[in-house]
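Participant: This is the structure I have questions about; it appears just below.
The values are calculated or read from the model by the stated rules, or taken from the named source; none is laboratory data. The shown structure was predicted, so the numbers you read here are calculated from the model rather than taken from an experiment. Cβ placement follows ideal geometry from the backbone for every residue including glycine, while neighbour counts extend to all protein chains displayed. The area values use the complete protein model at the heavy-atom level, side chains included, leaving out ligands, DNA and RNA. Shrake-Rupley method; radii C 1.70, N 1.55, O 1.52, S 1.80 Å.
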There are 2 protein chains.
Amino acid sequence: MKAAQSPGKVYLVGAGPGASDLITVRGQRLLEQAQVVLHDALVDPQMLAWCKQATLFAVGKRCGKHSCAQTFINKRLVDAAMRHKVVVRLKGGDPMMFGRADEEIRALQAAGIDYEVVPGVTAALAASASLGQSLTLRGAARSVAFCTLAKAEEAQLAQLPQADTLAIYMGRRQAAGIAQSLLAQGRPADWPVCVVESVSTAQERRLFITLDALAQGAASHWLSTDAPALLLLGAVFGNREQHASVLADGWLRA
Amino acid sequence: MKAAQSPGKVYLVGAGPGASDLITVRGQRLLEQAQVVLHDALVDPQMLAWCKQATLFAVGKRCGKHSCAQTFINKRLVDAAMRHKVVVRLKGGDPMMFGRADEEIRALQAAGIDYEVVPGVTAALAASASLGQSLTLRGAARSVAFCTLAKAEEAQLAQLPQADTLAIYMGRRQAAGIAQSLLAQGRPADWPVCVVESVSTAQERRLFITLDALAQGAASHWLSTDAPALLLLGAVFGNREQHASVLADGWLRA
């Protein structure tokens, strides 16, 4: 293929939490216009049906497995923009949280390539919607913190944020350790926890437990090894009446 | 109008941060199907063009002005579902953060009306996309907290969450007080702050300042009195080279 006169534009698009129709309208329209789409491994195949005209590249990282090196992704984005007008980098969730978009943006800037970021629905908000339980509650929970942790290092566990509600992304392997840290920081043993797997997809599952049970490994056997999981913690998840319809999924007592 | 045999369903839909095409595809489709739409005051009129078939009611609260009582909104939702199949409650941003969705859900549950929440892009993620600066950064910022404050009460200022990056919603009036609290909590005087107004709309404006300048009221004169504003704080916003293109908007030095 011959290089175009001037480089195209790269759109870093948030694919949203999982369900194909939870992408934004702007994101969908860009998929329809793209000549090249570089997408994460976790992106719903239904979403890719909107860009049948495009050349697709699966470049995503999936919980450390089958990962493409970030520098390879960066180079591929630059190369694609040198040859095509509309290049979409489709990233799970929102591109600007836990997504290494920064490295991709820096590579595009260094190569003089125009870019635009299209935000997406992040998993914690989709989980909250699915549960019918808001993350904040007038008078009771004014703040919510989103965080992730690198591979189970003690030092990082001590750096957990402090807020009324916590949403911990990619915390599957460290779930028990995180809970132990939170107990050590003074969170109550019966602090409500909701573990949500494969948010917004047909495979979505929820587990309602207490912080104490999480610390004792209650989620370890329940969680799948190959699905994305989110830990939600906070008093707002303790309203058992509200969750009556989902309690059948499995409520454990510590 | 005659009441239907069985009540309809209420969809609490996140309208997203402002731009009409930042609603989700699912949200857009529901607007196209709705018989009744109850929307916040801040919702983009272009978005309402998707539901020309529906009866519209502006019920939203706008920074305390022209607010409908929440109990009135709740009643209206229940009444609409008694008469129509598809009722959309279109809420600015994401419905489950700072949105009082909980009260609406409880009213629907009490009336035995089916509901579903459709998540949305929250303002902080749209601001981050617009700035081209991610809220988290590998190795440097692992957590981000979102919060809001009730009317400038000292006690609540002390309850600010702790995380690497902070996003404070609806903090226009309390901006200086919040900054003073953060300084008292040990945040550095030169902690980078980005104030973003009317995120994702044609009226979007940004101000890059330091925490110290914010504490001294630097944002007070700059902010509009009738536009939604977001305070973003954290080391990630200190990368001035990255923001070279927006610095012309106004960088203040304390």
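Participant: Restricting the range B:117-145 to residues that are in contact with a strand residue (DSSP E or B) (Cβ under 6 Å, 6 or more places away or on another chain) and more than 8 Å from chain A (Cβ to nearest Cβ), which is nearest to A:GLN159 (Cα to Cα)?
Facilitator: Selected residue: B:ALA141.
Participant: Determine the pairs where a residue that is outside the structural domain of B:ALA19 (by TED's automatic domain parsing), located within the range B:203-214, has a partner that is among the aromatic types (Phe, Trp, Tyr) and modelled with pLDDT of 95 or more with Cβ atoms under 6 Å apart, the partner being 6 or more residues away or on another chain.
Facilitator: Within 6 Å, the pairs are B:LEU211/B:TRP191.
Participant: Considering each residue of the range B:20-46, count those that are modelled with pLDDT of 95 or more and either open to solvent by less than 10 Å² (accessible area, probe 1.4 Å) or β-branched (Val, Ile, Thr) (or both), and give that number.
Facilitator: 10
Participant: Check A:ALA81 against each of (1) more than 26 Å from B:PHE237 (Cα to Cα); (2) at pLDDT 95 or above; (3) part of a loop (DSSP other than H, G, I, E, B) and name the one condition it does not meet.
Facilitator: (3)
Participant: Across the range B:88-116, what is the total count of residues that are facing chain A (nearest Cβ under 9 Å), open to solvent by less than 10 Å² (accessible area, probe 1.4 Å) and more than 15 Å from B:ILE168 (Cα to Cα)?
Facilitator: Number satisfying all stated conditions: 5.
Participant: If you go through the range A:12-43, how many residues are part of a strand (DSSP E or B) and more than 14 Å from chain B (Cβ to nearest Cβ)? Don't jump to the end; show me each part of the working.
Facilitator: Residues of the range A:12-43 part of a strand (DSSP E or B): A:12-16, A:24, A:36-39.
Narrowing the set further to residues that are more than 14 Å from chain B (Cβ to nearest Cβ) leaves A:36-39.
Number satisfying all stated conditions: 4.
Participant: Quick one: in the range A:208-239, which of the residues that are part of a loop (DSSP other than H, G, I, E, B) and open to solvent by 30 Å² or more (accessible area, probe 1.4 Å) is nearest to A:LEU183 (Cα to Cα)?
Facilitator: Quick first cut of the range A:208-239, residues part of a loop (DSSP other than H, G, I, E, B) only: A:216-217, A:223-228, A:239.
When the remaining residues are screened for being open to solvent by 30 Å² or more (accessible area, probe 1.4 Å), the result is A:216, A:224-226, A:228, A:239.
On the way: A:GLN216: 11, A:SER224: 25, A:THR225: 25, A:ASP226: 27, A:PRO228: 24, A:ASN239: 21 Å.
Among residues in the range A:208-239 that are part of a loop (DSSP other than H, G, I, E, B) and open to solvent by 30 Å² or more (accessible area, probe 1.4 Å), the one nearest to A:LEU183 (Cα to Cα) is A:GLN216.
Participant: Here are some conditions: (1) open to solvent by 20 Å² or more (accessible area, probe 1.4 Å); (2) within 14 Å of another protein chain (Cβ to nearest Cβ); (3) not aromatic (Phe, Trp, Tyr). A:PRO188 meets all but one. Which one does it not meet?
Facilitator: Single failed check for A:PRO188: (2).
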